[in-house]
Amino acid sequence: MADRTARRGGALSTVLATLRGALWPIPSLGVFLAIGLGVLLPAVDGRLESGDQPLTFVFGGGAAAARDVLAAIAGSLISVTGLTFSLTVIALQLSSSQYSPRLLQTFVTDRVVQLTLAQLVLTFVYALTVLRTVRTASATEDDSAFVPRLSITVAYLLTLGSVLALVFFLGHLAQALRVETMLRDVHDEATRTIGTEIDEPGRPEPDGGDGARPDGPAVPLVARSSGFLVGVDEGAAAAAARDAGVLVRLTGRIGDAVVTGTPMAHAWAHVPGRTVDTDALERALDEAVRLDFERSASRDVAYGLRKIIDIVVRALSPGINDPTTAVHALSHASALLGELAVRPAEDRRVRDEDGAVRVVLPGWQLAALVQLVLEEPLQYAEGQPAVLRRMAGLLRELAWRARGRGVDDLLRGYTDRVAESAVRSTGVGADEARSWRELVGSALAGEWPVARS
């Protein structure tokens, strides 16, 4: 099992993860920056205009022209912002119905989308803020007009930047809606999660303590809320288990569903016969466990595979019938499975400050991940020879990387099912199907025969 000391600052990490997965933080920063600039630059203009050297080298119009320019900038930008993102949402809805609705989550976290929206709203709010400082002679008691020339020049430059950002965004959107780009983004996201959550291959096992359960019966701890398990405040959970004198093991993995009123963990008392205050422990775990209405890729190593398999299943549906997309998606699934196969997919032990194991977080086992990738595509791949051939190739590639890791019989069983489906529902011959079994068997034996022409 992977060993880890309880981490503090769980609430802060939760907030940061939420901010990274939301669309609004960067545009909101743009709004505050625009207000600050809209207040500061007119004040600078007032200081400069009161001196001996007015800013004649910037905006040279009068107060009426300044109002017209700023009003045109504000009105056009808010219209363009609304129209652009309305069309974007429609395009994404059509894309999600063809590929997977869970891909919308990847779009929300796209930095190009966030920065473009920030640029547009920043320019709009800045123009409105500067507009309020423009004064005509007839509007003041001393008949003195004020035109913030430097501020209007900055508004013009921001507008040019918004136009360039809009053109770049439309090109990025056209590229982002391609299924190959979506698959690449999901692959990169899953790779980052794997690298963060699972130990590097070849890292030695920690010394000391195996986290074995204490003697005595397990006490079920009931969930007090429902949702998907997306994170755990390990420090708070370990402290609660230490105070109760128990070892706690969660029943679900990161990404599994938790239902109110059902056991979400079990506790074992370190002192035999000691009574466990389940009510207090359940309250503490309810605060330490982070649940959400949807899965998150921040710590869920299986979520990327789930998205990819959704694309495969949609591509194989009769309404879409796109086997090429399914083949491409299976290639990404093979690469991710290969990465997971060479890493220790084991339970994570969380120790308290004294070094005692207090919480055990179950991990995604390789057999469960193989089932996730192959079970549904195999059901829908009937009559698709290209997809079945790619599945056979996936099994061979995985067999090479996962040999000796406890899934050999599982891979042989799936190879038999793929071969039988190909012979039964397609024109694939028995000889070719037999060769798939032989190639998987050779890969499991550490052999990769030279391909015959």
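Summary table
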| quantity | calculated |
| --- | --- |
| Relative contact order %, the chain, counting alpha carbon pairs below 8 Å whose residues are six or more apart | 17 |
| For the stretch 409-439 versus the stretch 85-155, the gap between their alpha-carbon centres in whole angstrom | 57 |
| Helix-only mean residue ellipticity at 222 nm for the chain, each DSSP H run of n ≥ 4 adding -39500 (n - 2.57), per residue, nearest 500 | -19500 deg cm²/dmol |
| Low-density loop positions, trypsin sites (Lys or Arg not before Pro), the stretch 267-370 - DSSP coil, at most 15 other Cβ in 10 Å | Arg274 |
| Residues Thr191 and Trp24, FRET efficiency given R0 of 35 Å [Cβ-Cβ distance, rounded to 0.05] | 0.85 |
| Helix 63-98 axis, angle to the chain major axis (alpha carbon atoms, nearest 10°) | 20 |
| Packing-based order for 39-49, 329-339, using average beta carbon neighbours within 10 Å, highest first | 329-339, 39-49 |
| In nm, spacing of pseudo-spin labels at Asp256 and Arg437 (7 Å Cα→C-beta vector) | 3.5 |
| Qualifying GluC sites (Glu not before Pro) for the stretch 231-310 [loop in DSSP, other Cβ within 10 Å: at most 16] | Glu294 |
| Angle in degrees between helix 366-380 and the longest Cα principal axis of the chain, rounded to the nearest 10 | 80 |
| Least to most buried among Ile320, Ile73, Ile90 (fewest other Cβ within 10 Å first) | Ile90, Ile320, Ile73 |
| Fully extended contour minus Cα-Cα distance, from Asn321 to Val112, at 0.36 nm per residue | 72.1 nm |
| Dipole magnitude of the stretch 381-453 about its Cα centre (Cβ charges: Lys, Arg +1; Asp, Glu -1), debye to nearest 20 | 180 |
| Gap separating the Cα centres of the stretch 247-294 and the stretch 168-185, nearest whole Å | 41 |
| Residue order, fewest to most beta carbons within 10 Å, for His187, His270 | His270, His187 |
| Positive-end residue of Leu372, Ser435, Leu398, charge dipole of the stretch 300-453 with Cβ unit charges | Ser435 |
| Angle in degrees between helix 10-20 and the longest Cα principal axis of the chain, rounded to the nearest 10 | 60 |
| At R0 = 35 Å, FRET efficiency that the Cβ-Cβ distance of Leu94 and Glu287 yields, to 0.05 | 0.30 |
| Cα-based shape type of the stretch 317-410, given that a ≥ b ≥ c are square roots of the gyration tensor eigenvalues and the cut on a/c is 1.5 | prolate |
| Longest segment of the chain lacking chymotrypsin sites (Phe, Trp or Tyr not before Pro) that sit in a DSSP loop with at most 14 other Cβ atoms within 10 Å | 58-292 |
| Extreme residue, positive dipole direction of the stretch 20-177, given options Phe32, Tyr156, Tyr99 (C-beta unit charges) | Tyr99 |
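Throughout, read-outs are computed from the coordinates displayed, never taken from laboratory work. These figures come from a predicted structure and were not determined experimentally. Here Cβ is always computed from backbone atoms with ideal geometry, including for glycine, and neighbour counts include all displayed protein chains.
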